[in-house]
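Structure first, commentary second.
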Amino acid sequence: MGAMAVPVPEGKLDQWQAWMSELNGPRKAEFEASNARNGLTSHRAWLQTNPDGSHLVIAVHEGPHADTYLATLAASEDPFDHWFLSALADAHGMDPSGPLPPAAKQYL
């Protein structure tokens, strides 16, 4: 299992929610196929609103390649995977050509 917590920059919440709507709606089959192709059996995300009003996404990936999911996705040549990584980077203010955030370290 792999997990990560990624901030949603100020002004990006609506964009992040629209992206989630696409993944749960018209692009759901592509998303599920991508997860299977990239070694995941489950891919979940929670939106945490912090007391200061900022937002954080907690993402949990399960499957035989969960701990290398983002690196595998970044190396993929599949058009959906490119779209997903670009949307991820844009919604979270990340540079997909730079280092990707590491998985969270589990303590309990």
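Hey, among the residues in the stretch 4-53 that are surrounded by 12 or more Cβ atoms within 10 Å (Cβ to Cβ) and among the hydroxyl-bearing types (S, T, Y), which one's farthest from S76 (Cα to Cα)? Across the stretch 4-53, the extreme among qualifying residues is T41.
To keep it simple, each residue is scored yes or no on (1) touching a residue at least 24 places away in the same chain (Cβ under 8 Å); (2) among the β-branched types (V, I, T).
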{"site": "Q15", "(1), (2)": "yes, no"}
{"site": "K28", "(1), (2)": "no, no"}
{"site": "A36", "(1), (2)": "no, no"}
{"site": "R44", "(1), (2)": "no, no"}
{"site": "V60", "(1), (2)": "yes, yes"}
{"site": "T72", "(1), (2)": "yes, yes"}
{"site": "A75", "(1), (2)": "no, no"}
{"site": "L85", "(1), (2)": "no, no"}
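Going through (1) over 23 Å from D14 (Cα atoms); (2) surrounded by 15 or more Cβ atoms within 10 Å (Cβ to Cβ) one by one, F80 falls short only on (1).
Every read-out reported here was derived from the displayed coordinates using simple, explicitly stated rules and does not represent laboratory data. All values reported here derive from a predicted model rather than from experimental measurement. No Cβ is skipped: glycine too gets one built from the backbone with ideal geometry, and neighbour counts run over all protein chains shown.
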